[in-house]
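Quick notes on the structure that follows.
Each value in this text was obtained by applying a stated rule to the coordinates, not by laboratory testing. All values reported here derive from a predicted model rather than from experimental measurement. Please note: Cβ atoms are built from the backbone with ideal geometry, for glycine as well, and neighbour counts cover all protein chains shown.
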Amino acid sequence: MSIVVPAYNAQDTLNATLTSLRNQTFERLEIFVVDDGSRDATAAVASSHAAADPRVRLIQQRNGGVARARNAGLAEAEGSYVAFVDADDLCAPERTSKMLAAMWRMGDDCALAYTWSTHIDGSGRIVAESQRSEHEGWVHDELCKINFVGNGSAALVRTDVARAVGGFDPTLREVGAQGCEDIDFYLRVARRHKFAVVREFLTGYRQSVSNMSSDGMQMYRSFRRVERRHGREVPAARAALKLGRKYVLGWLLSLASLHGRYRTYWKLVPRLALIAPRWAYNIVVTHRVTSPGEELPIVDDALLADSRNPDRGARFPIGGPVVTGASHV
């Protein structure tokens, strides 16, 4: 089992991430930290963990973006399965074991397992839960409509399949459209293989106002590029992808409105009007981002402190206290 951790200027969060990975109950791991040209102490943090735990290895490269960093780790992976965990996210101790069990339960056609995600703040405390997706099996059509996996850290995939589909696409960054590398990768896997879901919140996904789709137009460009390419390659998926574009626009509009990014907001509204004019009109008139036929606004739960979540404020479980590399886990 291989785990790839792309890391860029992650000195403040990498200790906790590596602690959570070293504390996995499934211990037969190799952990690659890919330092993507960091300008801080990221490499030193990773080296400290590598000195304490032979399962941790550091790979250093010039800055090339998250796709190139993930691909660098994928190229080195020797495990039959690989997970990609961002350097500010966390994994519950039993996560790997339960994801592997879910894949084996689904059978030979299954190539990817994912868990539900808990959104965490800068200190690793639970803010809110993500949606509880039930999608598994042949999921390509649903995945075209919405990225129910949720983020790049929530999945585990067969290594041979990850390589067969070409890994992650670095050209999105090269053309100024970084952001949808995850859904692009998941869609390519879903064309040929089943997914399995672990119905537990075993991934801690860290979102902050400073990093959550801060460039809404870039995210939109990224999705459009992914949509066009997959639409060309799978013409039968075009209608579902167009619906997915509606929901991406609704999500980006909700973020822009919530955080006062009004220039981005008014750039996105006309794009929504082209494919869903009544929905766009409703947004402008009511100043409320609603999903078609529904009353509730499309707003990521992580952006709202969900007081109904009984675990809100608790620390995400990582199997022990955060350690530096010099301490054995």
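Between Thr159, Thr171, Thr42, the residue with the greatest mean-square fluctuation in the GNM of the chain (Cα pairs under 10 Å linked by springs) is Thr171. Exposure proxy shown here: for Ser20, Ser97, Ser254, the number of other Cβ atoms within 10 Å sets the order, fewest to most, as Ser97, Ser254, Ser20. Computed per residue of the chain from DSSP H runs no shorter than four, each worth -39500 (n - 2.57), the mean residue ellipticity at 222 nm is -12000 deg cm²/dmol.
Eigen-decomposition of the gyration tensor built on the alpha-carbon atoms of region 102-178 gives equivalent ellipsoid semi-axes of 22, 21, 13 angstrom, largest listed first.
In nanometres, what is the gap between the two model label sites at Lys242 and Asp12, each 7 Å from Cα along Cα-to-Cβ? For the pair Lys242/Asp12, the computed spacing is 4.4 nm. With a ≥ b ≥ c the root eigenvalues of the C-alpha gyration tensor of region 1-113, is it rounded (a/c under 1.5), prolate (a/b larger than b/c) or oblate? Since a/c reaches 1.5 and a/b is larger than b/c, the shape of region 1-113 is classed as prolate.
Modelled label positions at Arg229 and Arg125, each set 7 Å beyond Cα in the direction of Cβ, lie 4.0 nm from each other.
Beta bridges from DSSP with both residues in region 2-206: antiparallel share about 30 percent, rounded to the nearest 5.
On the basis of the beta-carbon distance and an R0 of 22 Å, Asp141 and His259 show a calculated FRET efficiency of 0.10. The residue list Ala50, Asn282, Gly65 was ranked by how far each Cα lies along the charge dipole of the chain toward its positive end, using unit charges on Cβ atoms, and Asn282 comes out on top. Pop the C-beta distance of Ala273 and Arg312 into the FRET formula with R0 = 25 Å and round what comes out to the nearest 0.05. With R0 = 25 Å, the Cβ-Cβ based efficiency is 0.10. Full extension of the chain segment joining Val285 with Glu78 gains 69.0 nm, where the gain is 0.36 nm per residue of separation less the Cα-Cα distance. Could you check how many percent of all C-alpha pairs in the chain are farther apart than 32 Å? Roughly 26 percent, rounded to a whole number.
Applying 1/(1 + (r/R0)^6) with R0 = 30 Å to the Cβ-Cβ distance of Thr324 and Phe26 gives a FRET efficiency near 0.85. Look at Arg57, Arg62, Arg105 and count the other Cβ atoms within 10 Å of each Cβ; fewest to most, that gives Arg62, Arg105, Arg57.
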